[in-house]
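The values are calculated or read from the model by the stated rules, or taken from the named source; none is laboratory data. All figures in this text were calculated on a predicted structure; none of them were measured in a lab. With ideal geometry, Cβ positions are generated from the backbone for all residues, glycine too; neighbour counts draw on all protein chains shown. We work out accessible area using only protein heavy atoms, side chains counted, and drop any ligands, DNA or RNA first. Shrake-Rupley method; radii C 1.70, N 1.55, O 1.52, S 1.80 Å.
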Amino acid sequence: MNHPQIPLFLTTAISYVNGEPHVGHALELLIADAYVRHQRQRGRLVRFTGGTDDHSLKNLRAAEALGIAPLEYVRRQGERFEQLPRALGVELDDYLHTSSDARHAPAVLALWERCRATGDLYQREYWGLYCNGCEAFISETELVRGGCAVHREPLERISETNWFFRLSRYEGKLLTLLQSGSLAVEPRERHNEVVSFVRQGLRDFSVSRSRARARGFGLGVPGDDSQVIYVWFDALANYLSLLGFPEEGSGLARYWSEAPAAREHLIGKDILRFHAVYWPALLLSAGLPLPTCIKTHGYVTRDGVKIGKSLGNGVDPFELVARFGIEAVRFYFLRHLHTTKDSDLRVERLIEAHDSELAGKLGNLLQRTASLAARHPELVSVKACTAPSDADTELAQAARHALSGVAQAVDDFALQQAVASILELVAAANRYADAQEPWTLSRKVRTVSTPRAAAELQVQLGHVLWHLFESLRVTAVLLAPFLPGTASTIATRLGVPPSELLTLERARFGLRQRYRPRGGGPLFPRLGTAVSPLTAPL
């Protein structure tokens, strides 16, 4: 549904705050930010949100371990998590803390009452094995070596009376929606996982916890003082509370309750079942539209092991940005960490990618092209009124391929391939420069003996420089969603207005006729070996 006339509501998963933010949170935010910026370039109306998931037992236990009141703990930690998007250059439209945002509790309670009104909530006694890391009961068939497949901490055996949701009632409907594509999951292998899970049969699941076990932390079940609402029921409702549910305001109408609209959730694969099965079933029960797509990204790993708060192998994204800068971190995460597959984080690769691809190829192209223009202030780089050479045509074709390649890769939810397509244009421009040798033309302009010969060489040099500047301009437009700071700097050096970066149509080769570039230092000072890539603590 990547149609410019269809509004997009894109949410990121709201985070537990029982530890510090790690690079897994950073990856999700960066993928979402680049995706949203690209969609806005296409002219789409977008609302992009994030937040924190406060009413969890893990947050409660972390607070108790520190001797801090739970609400104070989640407030402090929530502020730290809210700083992360800003540190990464991510621009969210809204951010919600489930324990303190006045919009949230009314939405959760309204959703609860709608599900109860349809007869989908009931009480029964329950026992099971509970994973505190997942905040979920784990069935015997899901055990891996006697424990949770994701978290290493021991499972707890819990027995209590809870409220349950009749998930089994929606098995057939969910399967139909998944198979028809009305409810899509990306990438395809995750879609197949969800279909397989539903086909195995759905069991009703608990949507409350005893107030005693939760120490009273959480939203109370209406009419039942012994229970608090299960953290996942509470958390999933944030996608509605961010839009003002149950009040039918303009946000809810535009992005959720009125068609057409693209309602997309970007999440990690470990919480796919909650978003692609439980959440749609709750919405069906409440008589509300479903998300249209669940986009699932891979894990960030270290030595093949998922990075996570509870696993003790986290990497501080704030420290990465402080050491290497926003643009280097954004480039590495969006180019060298796969969008949908697990990827190992290697600091030495971050440094290498920055210095070889950004500094060595893109930065060098801008620097040497702008430097040549600066040597000829009398020269205005203008598209020549002559038939294009084969080299000119090849460069223009590379720009067209880059534009189509970026658009297709974003549609395929393969952002790493989108950035690769941009780098292919940079490579083509460098080949063009090497073949046309504008530096040789520059020397000849200053050494020829006749004004007429100099004028002819100037026209030729201006023609070559125009093609290089045009390639850099197209690169900047395409790169803007991924490296907005870099794109803005390139535009400034070329003398191009910043507004040109906001529209994807401006990434068509040949739209500008004249350039008056400005000088400047290196676009990407090399990181080199200032920080040891193998031994520096993170």
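Got at least one residue in region 452-461 being free of Cβ contacts under 8 Å to residues at least 40 places away in the same chain, of a type in the set (Gly, Ala, Ser) and either in contact with a strand residue (DSSP E or B) (Cβ under 8 Å, 6 or more places away or on another chain) or open to solvent by 60 Å² or more (accessible area, probe 1.4 Å) (or both)? Within region 452-461 (the criterion being free of Cβ contacts under 8 Å to residues at least 40 places away in the same chain, of a type in the set (Gly, Ala, Ser) and either in contact with a strand residue (DSSP E or B) (Cβ under 8 Å, 6 or more places away or on another chain) or open to solvent by 60 Å² or more (accessible area, probe 1.4 Å) (or both)), the answer is no, since none of the residues qualifies. In region 279-304, the residues that are within 30 Å of Phe333 (Cα to Cα) form Cβ pairs under 8 Å with partners that are aromatic (Phe, Trp, Tyr) and assigned to a loop (DSSP other than H, G, I, E, B), at six or more places apart or across chains, as follows: Lys295/Phe413. Of all residues in region 491-499, none satisfies being more than 24 Å from Gln397 (Cα to Cα), part of a loop (DSSP other than H, G, I, E, B), small (Gly, Ala, Ser) and without any contact (Cβ under 8 Å) to a residue 12 or more places away in the chain.
A quick yes/no check of all residues on (1) more than 18 Å from Ala480 (Cα to Cα); (2) without any contact (Cβ under 8 Å) to a residue 12 or more places away in the chain:
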| site | (1), (2) |
| --- | --- |
| Gln417 | no, no |
| Tyr432 | yes, no |
| Ala435 | yes, no |
| Thr447 | yes, yes |
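For region 380-397, how many residues meet the condition of being assigned to a helix (DSSP H, G or I) and either touching a residue at least 40 places away in the same chain (Cβ under 8 Å) or exposed (fewer than 14 other Cβ atoms within 10 Å of the Cβ) (or both)? The number of residues fulfilling the criteria is 7. Filtered by the rule that a residue be part of a loop (DSSP other than H, G, I, E, B) and either open to solvent by 10 Å² or more (accessible area, probe 1.4 Å) or in contact with a His (Cβ under 9 Å, 6 or more places away or on another chain) (or both), region 18-55 gives Asn18, Gly19, Glu20, His22, Arg42, Gly43, Arg44, Leu45, Asp54, His55. On inspection, Asp120 passes the criterion of being at pLDDT 90 or above, open to solvent by less than 30 Å² (accessible area, probe 1.4 Å) and not polar (S, T, N, Q). For Gln367, are the conditions met, namely being within 23 Å of Gly485 (Cα to Cα), in contact with a helix residue (DSSP H, G or I) (Cβ under 7 Å, 6 or more places away or on another chain) and surrounded by fewer than 19 Cβ atoms within 10 Å (Cβ to Cβ)? No. Residues of region 400-419 that are farther than 17 Å from Glu28 by Cβ and in contact with a strand residue (DSSP E or B) (Cβ under 9 Å, 6 or more places away or on another chain): Asp412 alone. Scanning region 514-524 for residues that are open to solvent by 60 Å² or more (accessible area, probe 1.4 Å), modelled with pLDDT of 95 or more and at negative phi turns up nothing. Only a single item in (1) of a type in the set (S, T, N, Q); (2) outside any helix (DSSP H, G or I); (3) within 27 Å of the chain's Cα centre (by Cα) is not met by Ser449, and it is number (3). Being within 28 Å of Phe164 (Cα to Cα) and either open to solvent by 10 Å² or more (accessible area, probe 1.4 Å) or of a type in the set (Phe, Trp, Tyr) (or both) holds for only one residue in Leu92, Leu71, Leu96, and it is Leu71. The set of residues in region 148-194 that are modelled with pLDDT under 85, in a strand (DSSP E or B) and either crowded, with 16+ Cβ neighbours inside 10 Å or aliphatic (A, V, I, L, M) (or both) comprises Ile158, Glu160. Can we say Gly244 is out of contact with any Ser or Thr (no Cβ under 8 Å at 6 or more places or on another chain), free of Cβ contacts under 8 Å to residues at least 40 places away in the same chain and at positive phi? Criteria not met by Gly244. Of all the criteria given as (1) modelled with pLDDT of 95 or more; (2) open to solvent by less than 60 Å² (accessible area, probe 1.4 Å); (3) more than 29 Å from Leu167 (Cα to Cα); (4) not in a strand (DSSP E or B), the one not satisfied by Gln83 is (2). Remark: pairs (first residue in region 204-217, on the phi > 0 side of the Ramachandran plot; second residue surrounded by fewer than 17 Cβ atoms within 10 Å (Cβ to Cβ); Cβ separation under 9 Å; 6+ apart in sequence or on different chains) = Arg215/Glu64.
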